[in-house]
Amino acid sequence: KSNSFTCLENERETRDYQEVKIQEQVDSLNTGTIPRSVTVILEYDLVDFCQPGHQVEVTGILRRRWKTLVSPVRADLNMVLEAKNISILNSVEFSIARTIQSDKDQEFFENFWLDARESVLDKKMTIINSLCPQIFGMHKAKLAILLALVGGVSCKETNSVAVRGEIHCLLVGDPGLTLLG
């Protein structure tokens, strides 16, 4: 057996490759039924086409593939779908307009921010205090968590590389500090 390999530069072929697992919609199943899933192989321009939470329709070729070999277990086959086309049936968008459910909520939201023109600091404290009201004080920690929840914008660099723009926070302190009696 040899451990040394030589790369032949002119003979090499590279491609984008991704494996995703799709499953049945939980809403369409009977109570207590576990949704079935299948692995889908995405190549070339289909890589990163869909995101978690998307409902998709996949057209492709169903293939058999050997499962990973483990010494005491007998070799077995797995079914995978080699995708040729993906259609996104829904698009998961996280915008304020989609989270407001009714006209009453819309009116409350607009009035809340119209009142904020006079007392921005009071409105900020109202939002901070409404996060985990069981924990008294800790305004800076609550503000950091709120900024991590709603802040951050993904951006692209000049060479079209996506840069993670989300805010992250690390809370350090005594874990028993916020326990309630």
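The residue pairs whose first member lies in the stretch 1-20 and is within 30 Å of LEU81 (Cβ to Cβ) and loosely packed, with under 10 Cβ neighbours inside 10 Å, whose second member is of a type in the set (Asp, Glu) and at pLDDT 75 or above, and whose beta carbons are closer than 8 Å, counting only pairs six or more residues apart or on different chains, are ARG15/GLU43. Candidates VAL163, VAL80: the one that is open to solvent by less than 80 Å² (accessible area, probe 1.4 Å), β-branched (Val, Ile, Thr), modelled with pLDDT under 75 and within 30 Å of GLU43 (Cα to Cα) is VAL163. Taking each residue of the stretch 33-57 that is of a type in the set (Asp, Glu) and looking for partners that are open to solvent by 80 Å² or more (accessible area, probe 1.4 Å) with beta-carbon atoms closer than 9 Å, six or more apart or interchain, yields GLU43/ARG15; GLU43/ASP16; GLU43/TYR17; ASP45/ASP16; ASP48/ASP16; GLU57/LEU89. Of all the criteria given as (1) at pLDDT 80 or above; (2) open to solvent by less than 90 Å² (accessible area, probe 1.4 Å), the one not satisfied by CYS132 is (1). Restricting attention to the stretch 48-77, the residues that are surrounded by fewer than 14 Cβ atoms within 10 Å (Cβ to Cβ) and outside any strand (DSSP E or B) total 15. The test for being farther than 23 Å from ARG15 by Cβ and touching a strand residue (DSSP E or B) at 6+ places or on another chain (Cβ under 6 Å) holds for PRO35. Anything in the stretch 22-36 that is assigned to a loop (DSSP other than H, G, I, E, B) and open to solvent by 100 Å² or more (accessible area, probe 1.4 Å)? List them, or say none. Answer for the stretch 22-36, where residues must be assigned to a loop (DSSP other than H, G, I, E, B) and open to solvent by 100 Å² or more (accessible area, probe 1.4 Å): ASN30, THR31, ILE34, ARG36.
Taking every residue in the stretch 116-133 that is farther than 15 Å from VAL150 by Cβ and pairing it with any residue that is of a type in the set (D, E, K, R), at least 6 positions away or on another chain, the pairs with Cβ-Cβ distances below 6 Å are ALA116/LYS123.
Filter the stretch 45-90 for residues that are polar (S, T, N, Q) and over 20 Å from the mean Cα position of the chain (by Cα) and give the result. Within the stretch 45-90, THR59, THR68, SER71, ASN78, ASN85 meet the criteria.
The values are calculated or read from the model by the stated rules, or taken from the named source; none is laboratory data. Everything numeric in this text was worked out from a predicted model, so none of it was measured. Please note: Cβ atoms are built from the backbone with ideal geometry, for glycine as well, and neighbour counts cover all protein chains shown. Accessible surface is based on the protein model in full, side chains and every heavy atom, while ligands, DNA and RNA are left aside. Shrake-Rupley method; radii C 1.70, N 1.55, O 1.52, S 1.80 Å.
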